[in-house]
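Input: a single structure, listed below in structure tokens.
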């Protein structure tokens, strides 16, 4: 984070930095969430600079009105920001103002009075069973180097077979696979850990990768390596998935994260209960997991409309 890019008086910027540091250290929010909150508050302070005809001070934050916040959201909306982005931005501003309020530096009531933008209801878009199985096979991979093809297959198999986020899969170490484990301890969002079963297909895919990989990471080093031996980056897997979409004729919604959606949806369709799926995905709230019941219902209605003679 580069404070030189943030407009505001030093005392206000110092408090903002204290808040951002606390999000990581005390609340243990993910790096991406903290980056988003940093960006949202930076944009808000830039807005206030124009709104107030000068860099904002702590005293200006104390006297914020709901109209000021609504004006900021309206400006962001004109700039093309969607409801999800606006909602996250408002959540970040509320968090910052509550931090200032706890320290006797502001009043957060104005932010609380602003209604969050209504979020669009969208269902996850999983792959079908056949599509998902086609994506994760080593034969489907397009990399010319056999060990890279095996690596890509292993990562994608972990996403679909274990329901991992891409960051979780790439955070695994070679030590996690020592001694033919039957489960993995996953460090998820917010520093929370969970145990997920390691299915045979995923274990075999990782073993095939390790057999071919020219690099030999130690037990505490990341398992998956880039072409030159550095830690594998998510963008590489995302790019490989984009190539697979074109080769296999899959929709644009077929992303690495869609394999995680597919894991949950296919488990639910096979009789899995929501609480178990919640634990496997590492969701903090059951309501987050319940979205997959809508996916399953939508698929049943699609089949009904297509197949029933009276539909």
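Put simply, of 120, 124 the only residue that is outside the structural domain of residue 234 (by TED's automatic domain parsing), modelled with pLDDT under 90, assigned to a loop (DSSP other than H, G, I, E, B) and surrounded by 15 or more Cβ atoms within 10 Å (Cβ to Cβ) is 124. Among the residues of the stretch 212-239, those that are under 21 Å from residue 141 (Cα atoms), free of Cβ contacts under 8 Å to residues at least 60 places away in the same chain and more than 26 Å from the chain's Cα centre (by Cα) comprise 215, 228. On inspection, residue 136 qualifies as surrounded by 14 or more Cβ atoms within 10 Å (Cβ to Cβ), at pLDDT 85 or above and at negative phi. Restricting attention to the stretch 171-180, the residues that are touching a helix residue (DSSP H, G or I) at 6+ places or on another chain (Cβ under 8 Å) and surrounded by 12 or more Cβ atoms within 10 Å (Cβ to Cβ) total 3. Selection of the stretch 249-275 for residues being in contact with a helix residue (DSSP H, G or I) (Cβ under 8 Å, 6 or more places away or on another chain) and loosely packed, with under 13 Cβ neighbours inside 10 Å yields 251, 252, 275. Annotation: of all residues in the stretch 182-196 being without any contact (Cβ under 8 Å) to a residue 40 or more places away in the chain and exposed (fewer than 14 other Cβ atoms within 10 Å of the Cβ), the one that is farthest from residue 154 (Cα to Cα) is 193. Among the residues of the stretch 276-290, the ones that are crowded, with 19+ Cβ neighbours inside 10 Å and part of a helix (DSSP H, G or I) come to 5 in all.
Here the condition is being buried (at least 16 other Cβ atoms within 10 Å of the Cβ), in the same structural domain as residue 11 (by TED's automatic domain parsing) and either under 16 Å from residue 43 (Cα atoms) or out of contact with any helix residue (DSSP H, G or I) (no Cβ under 7 Å at 6 or more places or on another chain) (or both); of 102, 70, 76, it holds for 76 alone. Condition check for residue 167 on (1) within 17 Å of residue 260 (Cα to Cα); (2) touching a residue at least 60 places away in the same chain (Cβ under 8 Å); (3) surrounded by 17 or more Cβ atoms within 10 Å (Cβ to Cβ): one failure, at (3).
The values are calculated or read from the model by the stated rules, or taken from the named source; none is laboratory data. Keep in mind that this is a model prediction, so the values were computed, not measured. FYI the Cβ positions are ideal-geometry reconstructions off the backbone, even for glycines, and counts take in every protein chain you see.
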